[in-house]
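Structure below; questions to follow.
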There are 2 protein chains.
Amino acid sequence: MSDGPRTAVLALGGNAISPPGERSSIADQFRHTRDSLGPIVDLAVEGWNLCVVHGNGPQVGDELVRNEVARSEVAPLPLGVLVANTAGWIGYMIQQSIENALRKAGSGRRVATVITQVVVDPADPALSAPTKFIGHAVPEARAAALERDGHTVRRDARGNHRRVVGSPAPLAIHELDIIRDLVKRGVIVIACGGGGIPVYRDPRLGLEGVDAVVDKDFAAAVLARELGAELFVILTDVDAVYADWGQPNQRRLTSLTADQADVLDRTGGLGEGSMAPKVRAAVDYVRRTGGRAIITELSRGIDAVHGKAGTTIAR
Amino acid sequence: MSDGPRTAVLALGGNAISPPGERSSIADQFRHTRDSLGPIVDLAVEGWNLCVVHGNGPQVGDELVRNEVARSEVAPLPLGVLVANTAGWIGYMIQQSIENALRKAGSGRRVATVITQVVVDPADPALSAPTKFIGHAVPEARAAALERDGHTVRRDARGNHRRVVGSPAPLAIHELDIIRDLVKRGVIVIACGGGGIPVYRDPRLGLEGVDAVVDKDFAAAVLARELGAELFVILTDVDAVYADWGQPNQRRLTSLTADQADVLDRTGGLGEGSMAPKVRAAVDYVRRTGGRAIITELSRGIDAVHGKAGTTIAR
């Protein structure tokens, strides 16, 4: 344990910002964000140093529609720029909402959004074989137009046409020093928004953007590790990790070792869907740091930190 | 003079990011940004602590088109959110471009973009009588649709229909402490992008967004004042301030006192267009701080700091 306050990294799912359903107005998003941030405020008031990573799925989906529909008038933006743009927008919503909630709770702590680049390997195989669905379902004609532009479109599990892009592994958080300085001073830092803007180092040019997206839970795990955080919390829309998920005998797990989690993952016990990568991000963090990771639903965040909800993963 | 390095605030015009002409691709914008940042790198290498404020005119114009054209599919975003979104996007372009240029120049200094809220008065008369043109020219049908949505549309000096919005005076930079801490540590901070996101303090709710834009030169002047900066540089597309601008007898001014600048402004000697507000922002900073303000074109930035170009305004 360090001698100062302990540090936690919180990864917020898209459901923390957007209410359920494909389309939501910005007023809905602000309202939902305000309602969602209870666990962050609770941890801040308890004295934790905090860094918050958020997803951008619904928002980048809206931006892709806007860019595609208006393409004859204004050139579409590359994906890295859309990540930066949604990180500005969502960061603003979260920073304002957290700060208002902190003030009501009597806390004077500050909040800041730092636009973050995440270093990836340009030879990462995920970049040549894209599999990550992004954006909303697109009509067939628009799917064909996207393919003519060199984008990849596939049918998702529901049979809808959607863009797929590469999702390379995050190797390092480029703005780490800046984020660490702020976190150490007690600022609640919103960083790696939407997983961070993927970049690589070109030996001649320096940093260069990559047309891809980074998984926000993996980026948050790297950030938690590099910050030396004692706690890594993944806040999602399921209350805990389940064994035999989706089967009649599914079981809620209150704690897991990294090895147990690996076995569940390898044997398909985490089910199809988004839980397996969350568990992998948590296990990677736990193995490399000896810290504690928690997966739970947003509304149970503070209970889970106190061991009363969610799934805790430790070595 | 302080005992540490001196601080300069640089306000970058839209022409620093977008090449001339109404439409530019993101590749054009990245290329142009890289070519534009010489003065910032020169000042960084000379050891100045730096804070950079940028405009967002062409980019927010593109976003307004995208939001309007796609409105039947996804709800348009309010202006404050578009400012946050362009601050993320342009901040990313500038931070990456400055850092690459610093490394080539042998400097290891860090760069960070901080999403910034700027406090305005909700009773500012500019909010009830909007006069600031934003966005590209819109066709008549779209102008009518905007007006049906409660937006104000006017003909600009060229006879084009464009949206007009309120541009209230910036009163304070909400993230000042965070920006100051980073600047003091030698980080080159990109802040108040697009003039910053206008907000006001609601006694019950806390910070609330305002559907308006803040002039980036005025926001930069407030930031320069609050940071205690010794130098405030407005980088634009004209090499200096001229007396009798646009007249046969126009004269380039190498230096001006605040009082002389006031007289020029009151008598219309600065001409129609964007120079008068820049001079007002510079004069306000000079009067309140005793610091030195410079107005010059981007490519002459470092020469102007050394007194070899541009117009210097002092008490």
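What are the ³J(HN,Hα) values, in whole Hz, obtained from phi via the Karplus relation 6.51 cos²θ - 1.76 cosθ + 1.60 with θ = phi - 60°, for each residue of region B:112-123 in sequence order, with x given for Gly and Pro?
After applying 6.51 cos²θ - 1.76 cosθ + 1.60, I find 9, 9, 10, 5, 10, 9, 10, 7, 10, 8, x, 9 Hz.
With bins 10 Å wide starting at 0, give me the P(r) of region B:230-315 over every alpha carbon pair, in whole percents.
The distribution over region B:230-315 is 20, 56, 23, 1, given as percents.
Over all pairs of distinct alpha carbons, what does the Kirkwood formula give as the hydrodynamic radius of chain B, in Å?
By the Kirkwood definition, the hydrodynamic radius is 20.0 Å.
Could you state the accessible area per residue of the protein assembly as shown in Å², with a 1.4 Å probe and every protein chain left in place?
Values: 24570 Å² over 630 residues.
Ligands and nucleic acids excluded, the result is 39 Å² per residue.
If only Cα atoms are counted, what is the Rg of region A:74-124, and what is its Dmax, in Å?
So, for region A:74-124, Rg and Dmax equal 15.7, 49 Å respectively.
Summing both sides, how much accessible area is buried between B and A? Use a 1.4 Å probe and give Å² to the nearest 100. Mind showing how you got there, number by number?
On the way: alone 14590 and 14580 Å², together 24570 Å².
Counting protein atoms only, the buried area is about 4600 Å².
Which of the lysines could be linked to B:Lys216 by a straight reach, that is with a Cα gap under 24 Å, when you skip same-chain ones fewer than 8 residues away?
Result set, ordered by chain and number: B:Lys132, B:Lys184, B:Lys278.
Given a 1.4 Å probe, show me the residues in region A:23-39 buried by at least 30 Å² of accessible surface when comparing the whole protein assembly to the chain alone.
A:Arg23, A:Ile26
Something else: Packing-wise, with mean Cβ within 10 Å as the measure, how do A:281-289, B:220-228 rank, highest first? Let's see the in-between values first.
Values: A:281-289: 22.0, B:220-228: 24.3.
Highest-to-lowest ranking by the protection proxy: B:220-228, A:281-289.
For the protein assembly as shown, give the share of DSSP beta bridges that are antiparallel, in percent and rounded to the nearest 5; count only bridges with both residues there. Kindly include the intermediate steps, with their values, before the conclusion.
Details: 39 of 95 bridges.
Percentage antiparallel, nearest 5: 40.
At a 1.4 Å probe, which residues in region B:155-178 are at least 20 Å² less accessible with all protein chains present than in their chain isolated?
Listed in order, they are B:His174, B:Glu175, B:Asp177, B:Ile178.
Per the Kirkwood treatment, what hydrodynamic radius in Å, one decimal, follows for region A:1-148 from the mean inverse distance over all distinct Cα pairs?
17.6
Ignoring any ligand, DNA or RNA, what whole percent of the accessible area of chain A comes from carbon and sulfur when the probe is 1.4 angstrom?
Details: 5910 of 12280 Å².
Its accessible area is 48 percent carbon and sulfur atoms.
Near A:Leu223, within a Cβ-to-Cβ distance under 13 Å, what is the net charge of the other residues, with Lys and Arg +1 and Asp and Glu -1? Before the final figure, lay out each step's value.
Numbers: positive: A:Arg180, A:Lys216, A:Arg225, A:Arg288; negative: A:Glu175, A:Asp177, A:Asp215, A:Asp217, A:Glu226, A:Asp284.
So the surrounding residues net to -2.
Let me ask something else. How long, wide and thick is the protein assembly as shown, going by the Cα atoms along their three principal axes, in whole angstroms, largest first?
88, 58, 53
Let's see if you can work this out: charge +1 on each Lys and Arg Cβ, -1 on each Asp and Glu Cβ, no other charges. What is the dipole magnitude of the protein assembly as shown about its Cα centre, in debye to the nearest 20?
500
Right, something else. Can you work out the FRET efficiency for the pair B:Asp156 and A:Ser274, with r the C-beta to C-beta distance and R0 = 41 Å, to the nearest 0.05?
Working: r = 48 Å, r/R0 = 1.18.
Between B:Asp156 and A:Ser274 the formula returns 0.25.
Okay, next question. Enter the mean number of other protein chain beta carbons within 10 Å of the beta carbon of each residue in B:111-123, as an integer.
Numbers: counts 3, 10, 10, 8, 15, 4, 4, 0, 0, 0, 0, 0, 0.
Mean shielding by partner chains, rounded to a whole number: 4.
Quick one: helix A:57-69 against the long Cα principal axis of chain A, what's the angle to the nearest 10°, folded into 0 to 90?
20
Give the cross-link partners of A:Lys104 among the aspartates and glutamates, using a straight C-alpha distance below 16 Å as the criterion and excluding same-chain residues fewer than 8 apart.
A:Asp35, A:Asp42, A:Glu46, B:Asp202, B:Glu208
Provide a list, ordered by number, of residues in region B:186-225 showing at least 40 Å² less accessible area with every protein chain present than when their chain is taken on its own, using a 1.4 Å probe.
B:Leu207
If you don't mind, another one. Enter the per residue convex hull volume of region A:93-218, computed from alpha-carbon coordinates, in Å³ rounded to the nearest integer.
Details: hull volume 18.4 nm³, N = 126.
In region A:93-218, the Cα convex hull volume per residue is 146 Å³.
Let me ask something else. Peptides A:230-241, A:70-81, B:128-139: what's the order by average Cβ count within 10 Å, highest mean first?
On the way: A:230-241: 23.0, A:70-81: 19.2, B:128-139: 15.9.
Ranking the peptides A:230-241, A:70-81, B:128-139 by packing returns A:230-241, A:70-81, B:128-139.
The values are calculated or read from the model by the stated rules, or taken from the named source; none is laboratory data. Every value quoted in this text rests on a predicted model; they were computed, and no experiment measured them. Heads up, the Cβs are rebuilt from the backbone with ideal geometry, glycines too, and the neighbour counts pull from every protein chain shown. Please note that ligands, DNA and RNA were not included when accessible areas were found on the heavy atoms of the full protein model with its side chains. Shrake-Rupley method; radii C 1.70, N 1.55, O 1.52, S 1.80 Å.
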